[in-house]
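One structure is given below, encoded as structure tokens.
No value in this document is a laboratory result; all are computed from the given coordinates. Note that the coordinates shown come from a computational prediction; the quantities given were computed from them, not determined experimentally. A quick note on method: Cβ atoms are made from the backbone with ideal geometry, for glycine too, and the neighbour counts reach across all protein chains shown.
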Amino acid sequence: MRRIAVLLCVCFFVSVPAFGFSENPFDYFNVYSLNNIGSSSKPYGSDFQGTAGAGGNVYFKSFSGNTTGANDYSLHVGGDVVLKNGSYSKDIEAGGDITLKGGTYMGGNLYSGGNVTARAGNSVNGNIDASGTITIPRQTWVSGSKNSGATYSPYVDTQYISDYFLSASNYYGSLAPTTTYTSPWCSLLEIDLKNGVNVVIIDAETLKNASEIRATGAEDATLIINVVGTNANLDYTGLTWDSDINSSQVMLNYYEAENLNLTSSNDFNILAPQADTYFSSGLVTGHLIVGNLTGGGQVNVRSGSDGGYFNPDIFTDPVTPGIPVTPGIPEPATILLLIAGLVRLIVCKR
């Protein structure tokens, strides 16, 4: 019996994610790329007001990170990070190497699962922890400690976050439409909303050609716009309401998109987790969640009592079907199944 008890404890703790992140990803990230942001030849240059993340590598130049966001991190990256001529007010963590190429100000700590390398002319107002080596010239100022060979324990599991956003997009895309739009003239789309969740399907070309979406109806409505098409372009599309609803309750879900071009300013949450996205210029206020991100557009945090972010908890409580549970909180059913299976196995063996 003692052996069974030990094995049950092991089974429980193995089922619990080892990282410390326990928030809903929609509540946390302003910008997220399932793969890369920028490239070595064309770094991304602009600013993100909130916390950003990427499952792959990140290349920033003349960039400003997490200027107004409430979280303790400016950036979470699964791969490597290369920064040049920018400022980051909060911590940065990367599973790979972190490279500071000059003219970079860090207002927080650096955590690296690889090496940290800096050229002259940088400033780190915090600690540097690296699993590998730390190579810092005298001309780079570090206010805190420098700890090479440190254990890397990421706060965020970027693979989990990537899976979450992809599952969310697929789930929203599978929802049957609850309403339709009308178009009194070609540049206007009108949608009548009911209480709760409203789902409408619009093809990518129709959405691009619309200069205004006018939503009327219930004040507590949430609108999912499932955008159909593998290649999509979006320039300016205005949004007006006849009530107190704000655009944090609207999600543009490009669940089929493989390519997405953003060329202007929009006050929408954008979810396109499989799309290679080129954001040439302009401003997105809300979420920007894509497959790859290049260009130089700005992304702001929407103000509001709810933090201005899209709330997925409107669907079910506590877990939307098809979307992974909040990280750090294992599903009770999963734990019970594992325990039951282990007990059965031990009993059968005996």
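Note that the stretch 103-240 shows a convex hull volume over its alpha carbon atoms of 182 Å³ per residue.
Computed over neighbours whose Cβ is under 13 Å from that of residue 209, the net charge equals -3, Lys and Arg +1, Asp and Glu -1. Between residue 183 and residue 139, the distance separating the two model label sites (each 7 Å from Cα on the Cα→Cβ line) works out to 5.8 nm. Out of the stretch 116-201, which trypsin sites (Lys or Arg not before Pro) are coil in DSSP terms and have no more than 16 other C-beta atoms within 10 Å? Loop-located and lightly packed - 138, 194. Placing R0 at 45 angstrom, the Cβ-Cβ distance between residue 230 and residue 27 gives a FRET efficiency of 0.95 after rounding to 0.05. Put a dot 7 Å past the Cα of residue 167, heading toward its Cβ, do the same for residue 41, and the two dots end up 3.7 nm apart.
Any chance you could list the semi-axes, whole Å, largest first, of the equivalent ellipsoid that the Cα gyration tensor gives for the stretch 31-114, using √(5λ)? Provide the component values of the computation, followed by the final result.
Details: eigenvalues 48, 38, 33 Å².
Semi-axis lengths for the stretch 31-114 are 16, 14, 13 Å.
Taking Cβ atoms as reference points and 10 Å as the exclusive limit, the residues near residue 272 contribute a net charge of -3, counting Lys and Arg as +1 and Asp and Glu as -1. The chymotrypsin sites (Phe, Trp or Tyr not before Pro) of the stretch 51-115 include none that meets both criteria, a DSSP state outside H, G, I, E and B (loop) and at most 10 other C-beta atoms within 10 angstrom of the site's C-beta.
Cut-off 17 Å, label point 7 angstrom out along Cα-to-Cβ of residue 68: give me the residues of the stretch 268-289 whose amide nitrogen falls inside. The answer is 268-269, 282-288, whose backbone nitrogens lie closer than 17 Å to the label point.
Quote the FRET efficiency, to the nearest 0.05, computed for residue 211 versus residue 258 with a Förster distance R0 of 41 Å and r equal to the Cβ-Cβ distance. For R0 = 41 Å, the calculated efficiency reads 0.95.
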